[in-house]
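Presented below is the structure to which this report refers.
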Amino acid sequence: MRFALEPLLEAQQVADLRMELLAEADAWRPGVETAGWHARTVKNNRQLDRGSALQGQLTPRVVEPLLRHPLVQSAVLPVRVHGLLFSRSGPGEGYGRHVDNAFMAEGRSDLSFTLFLSDPCEYEGGALVLESPATEEALRLPAGHALLYPSTLLHRVAPVTQGERLVAVGWIQSRVRDAEQRELLFELDTARRALFRQEGKSDVFDLISRSYTNLMRRWGE
Ligand code: NI
């Protein structure tokens, strides 16, 4: 299951992030430095130095709204958001087909996300392309919107042909490793919340809540 947060950040928050990121010309490094051994061969972008003071300052401004978002809480069941990278790609830059590493310094990658910090009218190309066995989807979301997708997918960033694409990317470790189990829990949670709105804390609500909670106990870690 992939889904978009529309938006995750308001226009002013995006404008502030952009201004601070682009003002720091010396803090950008070749993206290849943080790629795994096979992804190195296809990664061609620039990233904010993860050790920079600016990275430390800006990270909570992406991570906190993500963790607070009701859809993330219900559909992703996050343990933590980790590995945040601010990335920029100009003409000729992109990131070829790869799969994200399963384990990173701060956790397992169950979901990957891209928060778009440029509007689609500011650059050409640069679509995030998600591959599944039968189809592929090319996505360019408005600035402030975030796309979350299973880290199990092969994906790529098409080469930028004009302008500049600025994004934040990162990973989420979920309490529930299996995507199908997460989806079942999300549906049950959505149903019990709708029921609660209709009839309050009824006997049926209590039964569904019990099932939800006990499945979490069984599947969660
Ligand atoms: Ni990736």
- prompt: Quick one: which of 129, 72, 76, 81 is of a type in the set (Val, Ile, Thr), surrounded by 15 or more Cβ atoms within 10 Å (Cβ to Cβ) and within 14 Å of the ligand (Cβ to nearest atom)?
  reply: 129
query: On the given criteria, is residue 71 in the same structural domain as residue 22 (by TED's automatic domain parsing) and either in contact with a Cys (Cβ under 8 Å, 6 or more places away or on another chain) or touching a residue at least 40 places away in the same chain (Cβ under 8 Å) (or both)?
result: yes
task: Report the residue count in the range 141-158 for those that are within 18 Å of residue 15 (Cα to Cα) and either in contact with a helix residue (DSSP H, G or I) (Cβ under 6 Å, 6 or more places away or on another chain) or within 13 Å of the ligand (Cβ to nearest atom) (or both).
output: 2
field: Any chance residue 169 is crowded, with 16+ Cβ neighbours inside 10 Å, within 14 Å of the ligand (Cβ to nearest atom) and either in a strand (DSSP E or B) or modelled with pLDDT of 95 or more (or both)
entry: yes
task: Residues that are within 19 Å of the chain's Cα centre (by Cα): find the strands (runs of 3 or more DSSP E) completely inside the range 1-88 holding 1 or more of those.
output: 3-5, 46-48
- prompt: If you take the residues of the range 93-110 that are within 14 Å of the chain's Cα centre (by Cα) and away from the ligand (no atom under 11 Å from the Cβ), which of them is surrounded by the most Cβ atoms within 10 Å (Cβ to Cβ)?
  reply: 110
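The values are calculated or read from the model by the stated rules, or taken from the named source; none is laboratory data. Just so you know, these numbers come straight off a predicted model, no measurement behind them. Positions of Cβ are backbone-derived with ideal geometry, glycine not excepted, and every protein chain shown enters the neighbour counts.
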